[in-house]
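First the structure, in the form of structure tokens, and then the observations on it.
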Amino acid sequence: MTHTTTPLEPPPSRYQMPDPREAPPHGLLAAGADLEPGTILAAYRSGIFPWPDEMGRLLWWSPDPRAVMPLDGFHESRRLRRTRRQGRLRATYDAAYADVLTACASEHGPTWITPDMRVAYRHLHALGWAHSVEVWAGDELAGGLYGVAVAGLFAAESMFHRARDASKIALAVLVEHLRARGFALLDVQLLTPHLASLGAIEIRRARYLERLRTALAMPAVW
């Protein structure tokens, strides 16, 4: 599939999104529904994201707290800056989306990126909503990430690396791109030690939903 530069709005979901404020702190809000583009986009616009469990059951989440990467708070180490200056790894956008998606689903062993999720996010890419950052070592894909852009929100879904610092470079490039394009919110969902070392923080769900409303009102374009 190819992707369009101007996102195409899909038919609306046949499901009503639940109120994310009703979710317990761990975030599990609902089960079932489908992975149609309209359903996934309605979820992101509501502060919810899909995350199947180990059995492949489709679950919907809105955790409290929520992890975000401040666009002015990315921590770039001296080593990472040196690696980027050396130019041995180069970055592109949307040049190998399907390969990045496949790598994210396969590099970490068992994963929540099920075959149905891969199909759904390829469809979102074809419609112009989902995007990737690739990092290359020569002609070899060394790392990358993918996520979904909706107005001033970018919801990062997963990243991978096959070379040292490749995923960090992908995230650094993403942050720079989002800042340049006028985005307001980079959602990374759940805080990990790796993300925290790069500057990600946790905020309360109520604050996240406030920031989400602001981001969705912005005219940012990927």
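We did not get these values from a lab; they are worked out from the coordinates using the rules stated. These numbers come from a predicted model, not from an experiment. Glycine also receives a Cβ, built like all others from the backbone with ideal geometry; neighbour counts cover every protein chain displayed.
Kirkwood radius for the stretch 53-178, taken over all pairs of different Cα atoms as the inverse mean of 1/r, rounds to 15.4 Å.
By Kyte-Doolittle mean hydropathy of at least -0.5 and Cα axial length of at least 20 Å, which whole DSSP H helices of the chain are selected?
Numbers: long enough: 166-181 (22 Å, 0.69).
Helices meeting the criterion: 166-181.
With θ taken as phi - 60° and the Karplus curve 6.51 cos²θ - 1.76 cosθ + 1.60 applied, the whole-hertz 3J(HN,Hα) list for the stretch 131-138 is 9, 10, 10, 10, 10, 10, 10, x Hz, x standing for glycine and proline.
Residue by residue, the stretch 152-159 carries 3J(HN,Hα) couplings of x, 9, 10, 9, 6, 9, 6, 9 Hz when phi is fed to the Karplus relation 6.51 cos²θ - 1.76 cosθ + 1.60 (θ = phi - 60°); x denotes Gly or Pro. Taking trypsin sites (Lys or Arg not before Pro) across the stretch 110-181, the ones in a DSSP loop with at most 15 further Cβ atoms lying within 10 angstrom of their Cβ are ARG162, ARG164. You can think of it this way: the chain between ARG90 and THR192 has 34.2 nm of extra reach, that is 0.36 nm per residue less the Cα-Cα gap. Projecting label points 7 angstrom from Cα along Cα→Cβ for GLU140 and LEU28 puts them 4.1 nm apart. Starting from one equal scatterer on each C-alpha and no solvent at all, send me the Debye-based log10 I(q)/I(0) for the stretch 123-222 at q = 0.12, 0.13, 0.17 Å⁻¹, two decimals. Ignoring solvent entirely, the Cα scatterers give -0.40, -0.47, -0.80.
Checking every one of the trypsin sites (Lys or Arg not before Pro) in the stretch 13-55 against DSSP loop status and a limit of 16 other Cβ atoms within 10 Å picks out ARG14. Taken over the C-alpha atoms, the stretch 20-63 has Rg and Dmax values of 9.9, 27 angstrom. Across the stretch 15-116, Cα-Cα pairs farther apart than 23 Å form 48% of the total. Volume of the convex hull of the chain (Cα atoms only), normalised per residue: 116 Å³.
Where in the stretch 1-93 are there GluC sites (Glu not before Pro) that are in a DSSP coil and have at most 11 other Cβ atoms within 10 angstrom of their Cβ? Before the final figure, lay out each step's value.
Working: sites: GLU22, GLU54, GLU76; in loops: GLU54, GLU76.
Within the stretch 1-93, the qualifying GluC sites (Glu not before Pro) (loop, at most 11 other Cβ atoms within 10 Å) are GLU54.
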